[in-house]
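The values are calculated or read from the model by the stated rules, or taken from the named source; none is laboratory data. All values reported here derive from a predicted model rather than from experimental measurement. When we count neighbours, we look across all protein chains shown, and the Cβ atoms used for this are built from the backbone with ideal geometry, even at glycine. Surface areas here come from the heavy atoms of the whole protein model, side chains and all, with no ligands, DNA or RNA. Shrake-Rupley method; radii C 1.70, N 1.55, O 1.52, S 1.80 Å.
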Amino acid sequence: MAGAAHCSLQAKRLLLDPKFEGYKLSLEPLACYQLGLDAAVAEVQLRDDQYTLDHMRAFGMYNYLHLDSWYQDNVYYVDQFGRVMNLSVTLDTALQKPREVFRLPTDLTACDNRLCASMHFSSSTWVTLSDGTGRLYLIKSGKRGSSASEKWEIVFNEELGSPFIIAHSVSFVKSDAHSLAVLLLRVEKDELDTKGSGFHITLEWVTIAEGKGGDHSYEIIKNRVLQGKSVPHYAAIEPSGDGLMIVSHKPFTFMQSESDKLEENDDAKESNEKKVVDPLYYWQQTEDDVTITVHLPEDITKDDIKIRFSPDNICVTLKDQPPLMEGRLYSSVDHESCTWIIKENKSLEISLIKKNEGARWPELIVGDTRGEFVMDSSQCSEIAESLMHLTSEVMNPNPEKENPPCNAQELEECDAFLEDGASLCRFDGDTLKVTHVINLGSNQYLFSVVVNPREMPCFCLRHDVDALLWQPHSDQPENMWEHIATFNALGYVQASKQDKKFMACAPDYSYAALCECLRRVFIYRQPTPLSTVLYNRKEGRQVGQVAKQLVATLEANDPILGFQATSERLFVLTTKTLFLIKVNSGN
């Protein structure tokens, strides 16, 4: 990541509520509707050879319910017959059965090593779809959500190797040609990994563009592969198709083609050759003076050397050549006392007398990096001794101090993160290098959500007890990640839910929700003004707004396979049933 800008996430203080008092459990009933499915969801169980945590995260915890963010309250899933089924909601009390909008041409049951079918809505009229066998479909859907104008038509389909799932896709126009960029995720066997899990993760970034022939055919014009050692929490292509952002526990790097490797080897040789060049001069210092040593060419005599001293500058010239050393000294010298001699080993030794005795110079000539500072052993031991008070060989050498060091035993279980050191990286699509990197540290990744389908998906991170929502802006280098909403205390609350499977929030930030593997759904409404007066008896003051926690228990024994949130309702998918929970009333 050399050359990458190390950034940080700047939270907006106005979006934080330091006086948040917690969620009040509300017993108000939630309207819950359920639809029986004609055929079960095409769930794919993990095989015996898919035993790692990465397999579980990528495929075992896969969200089988897909929300179409371009059209309100529009969800899709794939059933066991390979049918893409759609439910579009306009009125909860008049729900229609899910309808078939597309059928995968391949027989899903015929492939032994298939993954779950996956899809992503690239734009309001384009969909990318995978059948889980390694084939990618590019589909022109027309205007979705209404049976009159929605017609799914395959414009591109190609076998792309081993099975994958679609992580993200975008639609854009570049060089007057319509293009789509798709991100494919695989967990692959790594024969070289003998100490780790034995697998690595690949993200294949495929760009498909319309051909110039005028027959509206599409073809792959670019294919790049990234490799890492952990399934990314978040991976998304920028709307312009020019870059990629990844949140992951372990770093990802682009796999190079042979020509790229040869070019890089040439560059490395050149840089190594430059690094081998010896320093132009060496210098030492004491509290009183500075000594400079310069190795002279064989043909240089005493008459060829010209040295000019001044209180703040030095200039050394050999024969009629350009100055060997010239510039402003770090600090003033007594220029009348400065001397120079030629030593027996054909080296020039210059002595500078410091005007300010005792001051240590960090550099000789300001901005000149061609010299090398040489420190003698007495100076090394002196510096080590001066830093001795900052270190200790025991954990707590003075337990009677008023401010003892942090005791890890005082941390609660929900404050411990399984993965420290996750990072957010932005990759450039042309140079294939990291341009920006943020070390997330203890800011645990929670979930992602699409607030505006024309922008990149937002990601939610834990900050202390809160959960902060961040919107990436790839076209704003000075404000690339904007803090747009805060879910009070959600970071703390979700940590106590050990059985949680999915998390989501409303695109209007009115609530956040999480579900367990079976039945239970927890909803956290953000603070809203009260219509009646409420007093805090303990503190004797009026409470203006309150945040509510609601709990819904689904009438189902099947595991939850999909979970999506819109501004008005939650969609929960089990093997044979689709539930709708009305959270907010429509305006």
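Before anything else, pin down the relative contact order of the chain: Cα pairs under 8 Å, at least 6 apart, normalised by residue count, whole percent.
It comes to 13 percent, rounded to a whole number.
Please work out whether the stretch 67-118 counts as rounded, prolate or oblate from its C-alpha gyration tensor, where a ≥ b ≥ c are the square roots of the eigenvalues and a/c under 1.5 means rounded, while otherwise a/b larger than b/c means prolate and anything else oblate?
prolate
Averaged per residue, what accessible area in Å² does the chain show with a 1.4 Å probe, protein chains only?
Computed with neighbouring chains in place, this is 54 Å² per residue.
K548: net charge of surrounding residues, Cβ under 9 Å, Lys/Arg +1, Asp/Glu -1, itself excluded?
Combined, the nearby Lys, Arg, Asp and Glu give +1.
Between V173 and F373, how high is the FRET efficiency from 1/(1 + (r/R0)^6) when r is the Cβ-Cβ distance and R₀ = 56 Å? Nearest 0.05.
0.50
Could you check the spin-label model distance between S337 and D312? Points 7 Å from the Cα along Cα→Cβ, value in nm.
Spacing of the two 7 Å Cα→Cβ label points: 2.1 nm.
Considering only protein heavy atoms and a probe of 1.4 Å, how much of the accessible area of the chain is carbon and sulfur, as a whole percent?
For the chain, the apolar C and S fraction of the accessible surface comes to 49 percent.
Of Y77, Q10, I305, whose Cα points farthest to the positive end of the dipole of the chain (charges on the beta-carbon: +1 Lys, Arg; -1 Asp, Glu; origin at the Cα centre)?
In the chain, that residue is Y77.
If you keep only loop residues by DSSP, which trypsin sites (Lys or Arg not before Pro) in the stretch 57-157 have at most 13 other Cβ atoms within 10 Å of their Cβ?
Within the stretch 57-157, the qualifying trypsin sites (Lys or Arg not before Pro) (loop, at most 13 other Cβ atoms within 10 Å) are K143.
Can you bin the stretch 46-172 into rounded, prolate or oblate? Criterion: square roots of the alpha carbon gyration tensor eigenvalues sorted a ≥ b ≥ c, rounded for a/c under 1.5, prolate for a/b above b/c, oblate for the rest.
prolate
Could you work out the helix-only [θ] at 222 nm for the chain, with each DSSP H run of four or more residues adding -39,500 (n - 2.57) and the total divided by the number of residues, to the nearest 500 deg cm²/dmol?
Rounded to the nearest 500, the figure is -2000 deg cm²/dmol.
According to the square roots a ≥ b ≥ c of the eigenvalues of the Cα gyration tensor, what is the shape class of the stretch 1-98, taking rounded for a/c under 1.5, prolate for a/b larger than b/c otherwise, and oblate for the remainder?
Cα axes put the stretch 1-98 in the oblate bin.
Give me the percent relative contact order of the stretch 274-342, please, defined on Cα pairs under 8 angstrom at least 6 residues apart.
Rounded, it is 19 percent for the stretch 274-342.
Angle, helix 258-275 long axis vs. longest principal axis of the chain, Cα atoms, 0 to 90°, nearest 10?
Approximately 30 degrees, to the nearest ten.
Could you tell me the accessible area of D193 in Å² (1.4 Å probe, neighbours in place), rounded to the nearest ten?
D193 has an accessible surface of roughly 30 Å² with all protein chains in place.
Suppose R0 equals 45 Å. What FRET efficiency, 1/(1 + (r/R0)^6) with r the Cβ-Cβ distance, do R454 and V366 give to the nearest 0.05?
The formula returns an efficiency of 0.35 here.
Roughly how many whole Å is it from the C-alpha centroid of the stretch 353-383 to that of the stretch 80-113?
Each part's Cα centre sits 74 Å from the other's.
Want the number for E482 to S162: 0.36 nm per residue separation, take away the alpha-carbon distance, what's left?
Taking E482 through S162 to full extension adds about 111.5 nm, to one decimal.
With percent of Cα pairs over 37 Å apart defined as stated, name the option among (i) 37; (ii) 61; (iii) 50 computed from the structure displayed.
Working out percent of Cα pairs over 37 Å apart from the coordinates points to (iii).
Restricting to DSSP loop positions (anything but H, G, I, E, B) with no more than 14 other Cβ atoms inside 10 Å of their own Cβ, which GluC sites (Glu not before Pro) remain in the stretch 139-203?
In loop regions of the stretch 139-203 (DSSP not H, G, I, E or B), the sparsely surrounded GluC sites (Glu not before Pro) are E191.
Does a label point 7 Å from the Cα of N584, set along Cα-to-beta-carbon, have any residues of the stretch 5-44 with amide nitrogen under 11 Å, and which are they?
It comes to no residues whatsoever.
May I ask you to derive the FRET efficiency for E516 and E153 from their Cβ-Cβ distance with R0 = 45 Å, giving the value to the nearest 0.05?
Calculated value: 0.70.
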